[in-house]
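Take a look at the structure below.
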Amino acid sequence: MNRPLLSAFVCLALALPLGAAAQSKTAPKPAGAIDANGTDQLLMRDGEVVIRQGSTTKPLTKNVMLADGTKVNYKSGIVELPGGKKTTLKEGDYVTMKGEIVFATPGSAAAARGNTAVPASAQYEQYVDRNSPTSTTDMETRLGSLNSRITLMAQKIQLLNDKISLLSSMPQRPADTSQLDQQIKALDEQLRLVK
């Protein structure tokens with residue numbers, strides 16, 4: 001092997017590990033990049049877009065471009081979707097890290113569609129997440145309701161047992177159970193009303 005070819009081969013062999021090491025380093029963040037995860041939201045609050053991370057919010061200092069190409073202007077709240085459509089966020093509206101817009105009110109959703117028939121003051125009905133922990137007051141209310149149902153059911157069982165005893169003690173002649181039947185009917189009505 002000639003000497004120039006050998007030195008080129010040695011230089012190439014030494015340079016390969018250095019190139020691989022350089023590629024494994026994390027690239028620096030572009031200017032204006034934000035630290036965000038998939039659950040964070042770009043929220044319109046007090047006339048500016050902030051980033052909401054769990055229960056905390058941080059101000060933005062630059063416009064944001066999401067991975068799907070959605071652009072969010074942090075000062076005006078104008079959102080430009082990848083297809084070119086633009087909308088302006090209203091107070092409480094937010095954009096997910098996937099580029100989905102969530103409207104805080106029916107009025108802001110209608111405004112985004114260009115519909116002026118829905119009043120700006122319209123509100124959504126309260127959403128109740130059945131999987132979220134309930135408050136102590138809710139638990140006490142449910143427990144009280146459950147206790148009421150248990151008490152009424154115990155009374156109904158007692159009346160039914162009384163009726164069975166009365167009917168079985170007089171096999172020749174049917175016993176008058178009309179009073180017990182009325183009490184059972186009243187309990188059924190109370191049970192229907194207790195939730």
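Okay, here's what the table says:
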read-out	value
Any hit, the range 145-160, residues being surrounded by fewer than 12 Cβ atoms within 10 Å (Cβ to Cβ), modelled with pLDDT under 80 and either among the charged types (D, E, K, R) or over 30 Å from residue 89 (Cα atoms) (or both)	no
Criterion: among the small types (Gly, Ala, Ser), at pLDDT 85 or above and exposed (fewer than 10 other Cβ atoms within 10 Å of the Cβ) - qualifying residue of 169, 178	178
Of all residues in the range 80-93 being in a loop (DSSP other than H, G, I, E, B) and touching a residue at least 12 places away in the same chain (Cβ under 8 Å), the one that is farthest from the chain's Cα centre (by Cα)	82
Search result, residues across the range 94-121 that are part of a loop (DSSP other than H, G, I, E, B) and over 21 Å from the mean Cα position of the chain (by Cα)	114, 115, 116, 117, 118, 119, 120, 121
Single match in 61, 105 (criterion: surrounded by 15 or more Cβ atoms within 10 Å (Cβ to Cβ) and of a type in the set (S, T, N, Q))	105
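The values are calculated or read from the model by the stated rules, or taken from the named source; none is laboratory data. If you're wondering where the values come from, they're calculated on a predicted model, not measured in any experiment. Cβ coordinates were reconstructed from backbone atoms using ideal geometry, including for glycine residues, and neighbour counts include every protein chain displayed.
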